[in-house]
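Here the structure is laid out as structure tokens; the discussion comes afterwards.
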Amino acid sequence: MIGGISPHRSAIAAPARIDVPVIDELTIREITDSTHDIFLKGAEAPGLVVRRTGFPEAPQGRTLESEWGLALYLESRKDKESRRYLLDFGFTPDVYANNLELMKIDVAQVDALIISHGHFDHIGGLMGFLEGNRARMHKALPLYTGGEDNFCSRFNRNADGSLSSFGTPLDRRKLKTLDVDTVLSEVPIVMQGHAFTTGAVPRTSIEHVLPNTVVEYGVRDGLGCSTNAYMNHHFTPEELAGNPVPDQHWHEHATCFKLGDRGLVVVSSCGHAGIINTLRRAQEVSGTDKIYALVGGFHLAPAPDDYLAKVMAELKTFDLEHVMPMHCSGQNFIDLAKREMPEKLILCGTGTSFTLTA
């Protein structure tokens, strides 16, 4: 038991290398991102089609909404077999519900849910979404969470040094009531036969976790995370005492696909562990060196110029085909990418759809 609560079903410990599936096609749709530019044009390249949403067909006075956060819809195809995933859920259930409806995404067909990490701008829309839609979704519905860290309580530090709550942590009791099967994946596993998770991302590069929230370990009133559930982590006395400490997102994970012979598509969502570390982990897990596309949030918005330059230099060594920065990647990263890799950069935004084919 964890703080009086039944534990999750966890992935069985396994070596880093796993047998990853190969898919033929992947579509990534941005349900929620921080911006929506109706003037951005679509694009085509070998193996990639980008479609934009201008003003969607909708009742008068309604349009796609953007907010600080990220929510993605992933649909993969392997031969005639398809899988559909919802990855992260934005900040608020109202924006998420509005955009799902206007984008005509059929949640009844979704095979699995994925949470990249425990920040509220990625999980805030989840509970409201489930409460409104669970009855018409698949009876067996897994939620891949990356690990126990995603259930921790998190806080923002104010200018005067005080702390304010950064949203309500994931409530495992409500998830159980909603018949959602929560799967911890600290180690790499295949998700629904098409995707795979990196599991926890080792910190091996020049990168470090840039300033974000502070985290509190422990369970209070049924909410929070248990230190007993962490793998290969030695907690400090301060952490064990439940004192807020700088957030390291130990169980943040990336969602990945192997796209035919083109290579890996790596969706980092927020990338607090570092995008270089994340790419290396995807290579290690899959045994595949080629990275076709890097997608999602890279958490480089707060990066100093010298740090950003070092990350860019490392990123260029991967010889990526496409880089699609979303959410927290930062205008500083986009501006640098326009100079350093303009042929690889693809601008993103709420309502954008990317179809990648083998």
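The modelled label-to-label distance between PHE235 and ARG203, using points 7 Å beyond Cα along the C-beta direction, is 1.7 nm.
Region 121-176 and region 226-272 have Cα centres lying 15 Å from one another. Set Lys and Arg Cβ to +1 and Asp and Glu Cβ to -1, take the dipole of the chain about its Cα centre, and tell me which of ASN243, PRO21, GLY124 lies farthest positive. With unit charges placed on the Cβ atoms, the residue in question is PRO21. Overall, region 11-97 carries a charge dipole of about 200 debye about its Cα centre when +1 sits on the Cβ of Lys and Arg and -1 on the Cβ of Asp and Glu, all other atoms neutral.
At full extension, LYS316 and ASN133 could sit 61.7 nm farther apart than now, given 0.36 nm per residue minus the alpha carbon distance. Solvent-accessible area of region 214-358 (1.4 angstrom probe, protein heavy atoms only): carbon and sulfur portion equals 47 percent.
Taking the highest mean first, how do the peptides 268-277, 38-47, 136-145 order by number of other beta carbon atoms within 10 angstrom per residue?
Values: 268-277: 27.3, 38-47: 11.5, 136-145: 16.7.
Ranking the peptides 268-277, 38-47, 136-145 by packing returns 268-277, 136-145, 38-47.
For LYS344, a cut-off of 16 angstrom between C-alpha atoms picks up these aspartates and glutamates, skipping any fewer than 8 places away in its own chain: GLU44, GLU314, ASP319, GLU321, ASP335.
Averaged over its residues, the chain has an accessible area of 41 Å² per residue, based on protein heavy atoms and a 1.4 Å probe. Under 25 Å of direct C-alpha separation, and excluding same-chain neighbours fewer than eight residues apart, LYS338 reaches these lysines: LYS41, LYS290, LYS310, LYS316. Backbone geometry of region 296-303 corresponds, through the Karplus equation with coefficients 6.51, -1.76 and 1.60 at θ = phi - 60°, to 3J(HN,Hα) couplings of x, x, 10, 6, 10, 4, x, 6 Hz, x marking Gly and Pro. Averaged over residues, the count of other Cβ atoms within 10 Å places the peptides 188-197, 242-251, 221-230, 157-166 in the sequence 188-197, 242-251, 221-230, 157-166, highest first. Once the Cα-Cα distance is subtracted from the 0.36 nm per residue extended length, the SER162 to ASP221 segment shows a gain of 19.0 nm.
Given R₀ = 25 Å, FRET efficiency for THR357-ASP289 by Cβ-Cβ distance, to 0.05?
Details: r = 21 Å, r/R0 = 0.82.
Approximately 0.75, to the nearest 0.05.
Kindly provide the helix-only [θ] at 222 nm of the chain, computed as the sum of -39,500 (n - 2.57) over DSSP H runs of four or more divided by all residues, to the nearest 500 deg cm²/dmol? Spell out each step's value before the answer.
Values: 8 runs with 66 residues, N = 358.
Rounded to the nearest 500, the figure is -5000 deg cm²/dmol.
Pair-distance distribution P(r) for the chain, from all Cα-Cα distances in 20 Å bins starting at 0: 31, 62, 7 percent.
Over region 167-250, consider all pairs of different Cα atoms and compute the Kirkwood hydrodynamic radius from their mean reciprocal separation; express it in Å, one decimal. Computed over Cα pairs of region 167-250, the Kirkwood hydrodynamic radius comes out at 15.2 Å.
The values are calculated or read from the model by the stated rules, or taken from the named source; none is laboratory data. All figures in this text were calculated on a predicted structure; none of them were measured in a lab. FYI the Cβ positions are ideal-geometry reconstructions off the backbone, even for glycines, and counts take in every protein chain you see. For the accessible areas, the whole protein counts, side chains as well, though only heavy atoms, and no ligand, DNA or RNA atoms are used. Shrake-Rupley method; radii C 1.70, N 1.55, O 1.52, S 1.80 Å.
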